[in-house]
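The values are calculated or read from the model by the stated rules, or taken from the named source; none is laboratory data. What you see is a predicted model; the values in this text were computed from it and never measured. Glycine gets a Cβ as well: all are built from the backbone with ideal geometry, and neighbour counts include every protein chain shown.
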Amino acid sequence: MTETPRDPWIPREPASLVIGAIAAQVIGGLVPQMSPFVIAGLMAGLSLSERDSGLVVSAEFLTLAATAIAIAPVLPRLSYRRVGLVAAALTLLAQGASTFSASWTSLVLLRSLAGVGEGALYAVSLSIVASHCRNPDRVYGYFQVVWALGSAGLFAVGGEVTAAFAHRGILGLIAGVTLALAPLLFLVPDVRAKTGSGTLVASAQASPMLCVMTLASIVVYVAASAAIYAFSAPLGERAGLDTSAVGYALTVSTLVGLAGAGAATALNVRWGRAIPISGFCIGFMLVVLALCFWRNPAAYVIALGGSVVVYYFSMPYLLGLAAALDRSGRWAAAAGSAYLIGFAAGPLVAGAVIVAAGYAGLAAVCVAFTLAAWGLAMAVNRGVTTSSRCPHSSRAEA
């Protein structure tokens with residue numbers, strides 16, 4: 001399948017828009033990325049239990065996801081820049097206050113408030129790319145490149161500041177990164193996703209069933225990925241590595257993940273979406289089986305690196321599929337919420353499965369989830385492709 005050009009009145013991606021969107025993406029997704037350190041910092045600094053620390057993070061995740069999906073329908077009618085700046089201000093206020101909070105109740109309230117701002121920024125980053133870029137899949141690939149590069153440094157610094165200053169160290173780091181990136185939000189265009197001749201977006205709404213199937217595919221696939229990621233340390237210990245070695249393996253794997261992000265960016269939709277989606281689903285199932293069944297340190301390191309490569313390769317295609325549903329970017333914004341729900345659900349599902357059926361059960365569940373996600377994504381891709389070929393449709397496959 002070859003790439004079908006997008007509508008001619010949608011301009012090519014200006015660098016300022018891409019930089020602003022990446023800044024919004026990083027600020028909005030920073031806490032989920034650094035959540036292991038947040039939990040560890042809360043346990044060390046405030047002597048919270050695993051449950052209470054997890055509840056603080058879960059509250060932020062829930063408000064983040066709820067805000068992203070709540071704002072998605074109206075976001076195309078609002079100014080992206082104004083929404084981003086207001087959300088960043090709210091996020092900074094809550095993050096700064098929570099850094100000095102000493103009680104569990106105030107932390108839950110403040111981190112939930114931060115989640116509102118982060119959710120709006122996450123939605124802005126996905127929606128503006130879907131509505132204002134000629135090739136959203138490629139720009140979503142840029143997102144993954146930045147995450148792969150940035151995460152390696154953030155993991156190293158995050159571990160040090162958490163060890164030295166507990167929760168204040170990691171929350172302060174998150175607030176500092178947010179403050180440093182906030183000025184880049186001025187690069188986000190002060191525009192709305194309008195329709196009509198001479199404007200940026202031609203809105204063509206896909207069927208509600210395709211939209212729901214897309215979100216379900218993202219939730220299920222990310223849940224499987226997060227399940228493996230959350231238990232990567234125990235999996236490494238089963239393979240014969242200590243915790244320190246697992247940490248180094250994760251850092252190296254993050255850098256190796258650049259290969260997946262780079263491949264998705266370079267390939268984008270030159271071969272359509274069906275072949276890449278099928279490829280990363282097969283690849284993920286293979287690494288799951290290797291991680292859960294093959295107790296060998298070298299095999300673990302290789303499989304862990306493969307899982308990160310597959311993850312960074314896969315996300316641009318799933319987000320791009322959501323962007324193809326609606327040119328105004330509403331479903332792309334909602335896809336951010338679906339991602340966060342899957343990310344939060346993965347560890348919970350994995351923990352329950354491991355207790356009930358061990359790591360063989362985890363492998364079986366992750367493979368089943370991946371097959372379900374593949375089936376849903378293939379059905380949606382077929383529907384999008386059929387719609388794009390309809391002569392009366394203003395939508396073309398991205």
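None of R81, R134 is basic (K, R), surrounded by fewer than 18 Cβ atoms within 10 Å (Cβ to Cβ) and either over 19 Å from the mean Cα position of the chain (by Cα) or more than 30 Å from V252 (Cα to Cα) (or both) except R134. Scanning segment 208-223 for residues that are buried (at least 19 other Cβ atoms within 10 Å of the Cβ) and among the small types (G, A, S), we see that the one that is modelled with the highest pLDDT is S217. Write out, first by first residue and then by second, each pair whose Cβ atoms fall under 8 Å of each other, whose residues are 6+ apart or on separate chains, and whose first residue, in segment 339-364, is at negative phi and in the same structural domain as V288 (by TED's automatic domain parsing) while the second is among the charged types (D, E, K, R) and in a helix (DSSP H, G or I). Short answer, once both residue conditions are applied: Y359/R238. Condition check: at pLDDT 85 or above and either in contact with an Asp or Glu (Cβ under 7 Å, 6 or more places away or on another chain) or charged (D, E, K, R) (or both). Does A335 satisfy that? Against the criterion (at pLDDT 85 or above and either in contact with an Asp or Glu (Cβ under 7 Å, 6 or more places away or on another chain) or charged (D, E, K, R) (or both)), A335 does not qualify. The residue pairs whose first member lies in segment 152-163 and is closer than 13 Å to Q33 by Cα and outside the structural domain of T251 (by TED's automatic domain parsing), whose second member is of a type in the set (F, W, Y) and surrounded by fewer than 19 Cβ atoms within 10 Å (Cβ to Cβ), and whose beta carbons are closer than 9 Å, counting only pairs six or more residues apart or on different chains, do not exist in this structure. The single condition among (1) in contact with a helix residue (DSSP H, G or I) (Cβ under 7 Å, 6 or more places away or on another chain); (2) at pLDDT 90 or above; (3) surrounded by fewer than 19 Cβ atoms within 10 Å (Cβ to Cβ) that A70 does not satisfy is (1). Has segment 164-182 got at least one residue that is without any contact (Cβ under 8 Å) to a residue 24 or more places away in the chain and closer than 22 Å to A102 by Cβ? For segment 164-182, residues without any contact (Cβ under 8 Å) to a residue 24 or more places away in the chain and closer than 22 Å to A102 by Cβ: present. For segment 279-296, filtered to residues that are in a helix (DSSP H, G or I) and surrounded by fewer than 14 Cβ atoms within 10 Å (Cβ to Cβ), the residue that is farthest from the chain's Cα centre (by Cα) is F293. Within segment 308-330, one or more residues are crowded, with 20+ Cβ neighbours inside 10 Å and more than 21 Å from P136 (Cα to Cα). Of the candidates A226, A239, the single residue that is aliphatic (A, V, I, L, M), at pLDDT 85 or above, more than 30 Å from M378 (Cβ to Cβ) and surrounded by 21 or more Cβ atoms within 10 Å (Cβ to Cβ) is A239. Filtering V57, V26, V18, V31 for residues that are over 26 Å from L171 (Cα atoms) and either part of a helix (DSSP H, G or I) or modelled with pLDDT of 90 or more (or both) leaves a single hit, V18.
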